[in-house]
Amino acid sequence: MINSKMYELGSRRSVIREIFEYGKKRKAEIGEDKVFDFSIGNPSVESPEAVADRIKELLEVRPSTAVHGYTSAQGDPKARQAIADDLNRRFNTSFTGSNVYLTCGAAASLTISLRSIIDRDDQNVMVFAPFFTEYRVFIESMGAQISVVPASFPKLDLNLEAFRKMINEKTVAVILNSPNNPTGVVYSEEQIKELSAILEEKSREYNHPIYIISDEPYREITYGCKPPFITHYYKNSIICYSYSKGLSLPGERIGYILVPDVMPDWQKLYAAVCGAGRSLGFICAPTMFQHVITKCAPLTSDLSKYAANRELIYNGLSELGYECVRPDGAFYLFVKCLEEDANKFCMRAREYDLLLVPSDDFGCPGYVRIAYCVSADTIRNSMPAFKALAESYR
Ligand code: PLP
């Protein structure tokens, strides 16, 4: 016997991975520079030198068991304190290492956080469309229902009117992702305040806390605006962070969960996070990269390159007549398709060797996501293909 749900998940590749694999094959056929692969959110900007320096330093440490051995389940105390110090300096908070649990990236942060609060299969977790596709997998795998709040057009910000109508006594959490994948939208302070007020009211009405799970792997990648820091607005917030994007370390699997000290009963939830980490086998995030973070937590890659890419792609596609949501952060552009069916549009784009991701699985059909974490040349050289694609619809 095998688990049929897991079989289905494992045998059906995610749409993004499928396109990414196709891209690799196509590049081998016609050459790297002829394929415009905008499919995957793999950072294109190198990590700062300090990361490589720190790795070299760690490789010299003797005995090497100090670098490759287990740390405590929730992470090395120095790494946890370094993360707390970094947040306190930037956001005027007063966290300590005791609020931090190190994880294998944001995916692990999310599954552990969900596991720590979901208690019964009739409970639901709300997400705002468009949303990162894996939320559905994570929520359902933890045994709860996903409740998708429809998108709010044209800004694709939070649809709070629909949210208020849909929230119910079985709601245990809502996932927020700002800057957002797939739109690049950063939710405003005004909307965060309004969302918090609804959650306060509903938590009182239903007599249990409704958590915000704030998924923030793109926190540092913004273009002139700052996402409001969630614990200042809503105490029952759990932060899920990852060094995959801002520090360009997605393959190293390093991130954290922050259970803030302002949360009533935070020690109890932190204990549940430790229990969830244990039950999912996520104890001791990669030790070497914990030690990298101890030194490099305040650093980022040169994010100005994404800002330049944003200008190139947003202006280029807008001039060609594409309708795009102007991103305030992350490295994604959400573009309206030139026909209703996003899958068909993506297949037509493939004829021009443009690899785009259809938006259906993000819960907002009719769009494509363009990951512009590529070289500036790729963006420039792709413009004739985007032009030909647009002309094919005229
Ligand atoms: N959350 C969002 C919104 C993402 O875009 C991603 C990755 O692309 C993740 C979580 C997973 O991040 P990680 O690779 O650190 O597990």
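Just to be sure before I move on: is THR96 touching a residue at least 40 places away in the same chain (Cβ under 8 Å), within 16 Å of the ligand (Cβ to nearest atom) and among the polar types (S, T, N, Q) in the structure I sent?
Working: touching a residue at least 40 places away in the same chain (Cβ under 8 Å): yes; within 16 Å of the ligand (Cβ to nearest atom): no; among the polar types (S, T, N, Q): yes.
Considered against the rule, which asks whether it is touching a residue at least 40 places away in the same chain (Cβ under 8 Å), within 16 Å of the ligand (Cβ to nearest atom) and among the polar types (S, T, N, Q), THR96 comes out as no.
Per-residue answers, yes or no, for (1) at pLDDT 95 or above; (2) in contact with an Asp or Glu (Cβ under 7 Å, 6 or more places away or on another chain); (3) open to solvent by 10 Å² or more (accessible area, probe 1.4 Å); (4) of a type outside the set (Gly, Ala, Ser):
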residue: ASP122; (1), (2), (3), (4): yes, no, yes, yes
residue: VAL127; (1), (2), (3), (4): yes, no, no, yes
residue: VAL148; (1), (2), (3), (4): yes, no, yes, yes
residue: LEU158; (1), (2), (3), (4): yes, no, no, yes
residue: GLU169; (1), (2), (3), (4): yes, no, yes, yes
residue: ILE175; (1), (2), (3), (4): yes, yes, no, yes
residue: GLU201; (1), (2), (3), (4): yes, no, yes, yes
residue: TYR206; (1), (2), (3), (4): yes, yes, yes, yes
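Within the stretch 250-283, track down each residue that is open to solvent by 10 Å² or more (accessible area, probe 1.4 Å), within 16 Å of the ligand (Cβ to nearest atom) and hydrophobic (A, V, I, L, M, F, W, C).
LEU280, PHE282 - these are the residues of the stretch 250-283 that are open to solvent by 10 Å² or more (accessible area, probe 1.4 Å), within 16 Å of the ligand (Cβ to nearest atom) and hydrophobic (A, V, I, L, M, F, W, C).
In the list ARG17, ARG54, which residue meets the criterion of being touching a residue at least 60 places away in the same chain (Cβ under 8 Å), charged (D, E, K, R) and outside any loop (DSSP other than H, G, I, E, B)? Don't jump to the end; show me each part of the working.
Values: ARG17 fails: touching a residue at least 60 places away in the same chain (Cβ under 8 Å).
On inspection, the qualifying residue turns out to be ARG54.
For the subset of the stretch 164-177 comprising residues that are within 21 Å of the chain's Cα centre (by Cα) and closer than 11 Å to SER147 by Cβ, which member is farthest from the ligand (Cβ to nearest atom)? Steps first, answer last, please.
As a first pass, look at the stretch 164-177 and keep what is within 21 Å of the chain's Cα centre (by Cα): 172-177.
Subset that is closer than 11 Å to SER147 by Cβ: 172-175.
Details: VAL172: 19, ALA173: 15, VAL174: 14, ILE175: 9 Å.
It comes out as VAL172.
What is the number of the single condition among (1) under 29 Å from ASN99 (Cα atoms); (2) loosely packed, with under 13 Cβ neighbours inside 10 Å; (3) at pLDDT 95 or above that GLU57 does not meet?
(2)
In the list VAL374, VAL325, VAL368, VAL335, which residue meets the criterion of being modelled with pLDDT under 95 and in contact with a Phe, Trp or Tyr (Cβ under 7 Å, 6 or more places away or on another chain)? Steps first, answer last, please.
Values: VAL374 fails: modelled with pLDDT under 95; VAL368 fails: modelled with pLDDT under 95; VAL335 fails: modelled with pLDDT under 95.
That would be VAL325, the only listed residue that is modelled with pLDDT under 95 and in contact with a Phe, Trp or Tyr (Cβ under 7 Å, 6 or more places away or on another chain).
Looking at (1) away from the ligand (no atom under 16 Å from the Cβ); (2) surrounded by fewer than 21 Cβ atoms within 10 Å (Cβ to Cβ); (3) of a type in the set (Ser, Thr, Tyr), which one does SER141 not meet, given that it meets all the others?
So SER141 meets the others, but not (1).
Count, please, the residues in the stretch 60-95 that happen to be surrounded by fewer than 14 Cβ atoms within 10 Å (Cβ to Cβ) and within 16 Å of CYS274 (Cβ to Cβ).
Qualifying residue count for the region: 2.
In the stretch 220-249, which residues are within 16 Å of the ligand (Cβ to nearest atom) and at positive phi?
Result: SER248, single match.
With respect to SER359, determine if the residue is within 16 Å of the ligand (Cβ to nearest atom) and either in contact with an Asp or Glu (Cβ under 6 Å, 6 or more places away or on another chain) or in contact (Cβ under 8 Å) with a residue 60 or more places away in the chain (or both). Spell out the reasoning first.
Values: within 16 Å of the ligand (Cβ to nearest atom): yes; either in contact with an Asp or Glu (Cβ under 6 Å, 6 or more places away or on another chain) or in contact (Cβ under 8 Å) with a residue 60 or more places away in the chain (or both): yes.
In short, yes.
Does THR300 meet the test of being β-branched (Val, Ile, Thr), modelled with pLDDT of 95 or more, assigned to a helix (DSSP H, G or I) and open to solvent by 10 Å² or more (accessible area, probe 1.4 Å)? If you could, list the steps in order and put the result at the bottom.
Numbers: β-branched (Val, Ile, Thr): yes; modelled with pLDDT of 95 or more: yes; assigned to a helix (DSSP H, G or I): no; open to solvent by 10 Å² or more (accessible area, probe 1.4 Å): yes.
The answer is no for THR300.
Mind listing whichever residues of the stretch 310-328 are open to solvent by less than 10 Å² (accessible area, probe 1.4 Å) and either more than 16 Å from the ligand (Cβ to nearest atom) or within 29 Å of ILE55 (Cα to Cα) (or both)? Spell out the reasoning first.
Here is the first cut: in the stretch 310-328, the ones open to solvent by less than 10 Å² (accessible area, probe 1.4 Å) are 313, 317, 327.
If the condition is that a residue be open to solvent by less than 10 Å² (accessible area, probe 1.4 Å) and either more than 16 Å from the ligand (Cβ to nearest atom) or within 29 Å of ILE55 (Cα to Cα) (or both), then ILE313, LEU317 are the ones that fit.
So, of the residues in the stretch 1-27 that are open to solvent by 100 Å² or more (accessible area, probe 1.4 Å) and within 23 Å of the chain's Cα centre (by Cα), which turns out to be modelled with the lowest pLDDT?
Per the criteria, the residue is ARG13.
Would a scan of the stretch 54-70 turn up a residue that is away from the ligand (no atom under 16 Å from the Cβ) and under 24 Å from LYS268 (Cα atoms)? Give the derivation first.
Of the residues in the stretch 54-70, the ones away from the ligand (no atom under 16 Å from the Cβ) are 54-70.
Then keep just the ones that are under 24 Å from LYS268 (Cα atoms); that gives none.
Within the stretch 54-70, none of the residues are away from the ligand (no atom under 16 Å from the Cβ) and under 24 Å from LYS268 (Cα atoms).
On the basis of being surrounded by 21 or more Cβ atoms within 10 Å (Cβ to Cβ), over 26 Å from PRO130 (Cβ atoms) and either more than 16 Å from the ligand (Cβ to nearest atom) or under 21 Å from the mean Cα position of the chain (by Cα) (or both), does PRO217 make the cut?
Numbers: surrounded by 21 or more Cβ atoms within 10 Å (Cβ to Cβ): yes; over 26 Å from PRO130 (Cβ atoms): no; either more than 16 Å from the ligand (Cβ to nearest atom) or under 21 Å from the mean Cα position of the chain (by Cα) (or both): yes.
Criteria not met by PRO217.
The values are calculated or read from the model by the stated rules, or taken from the named source; none is laboratory data. None of these values were measured; they are calculated from a predicted model. Every residue, glycine as well, gets a Cβ built from its backbone with ideal geometry; the counts of neighbours run over all protein chains shown. The accessibility values were calculated without ligands, DNA or RNA, using every heavy atom of the protein model including side chains. Shrake-Rupley method; radii C 1.70, N 1.55, O 1.52, S 1.80 Å.
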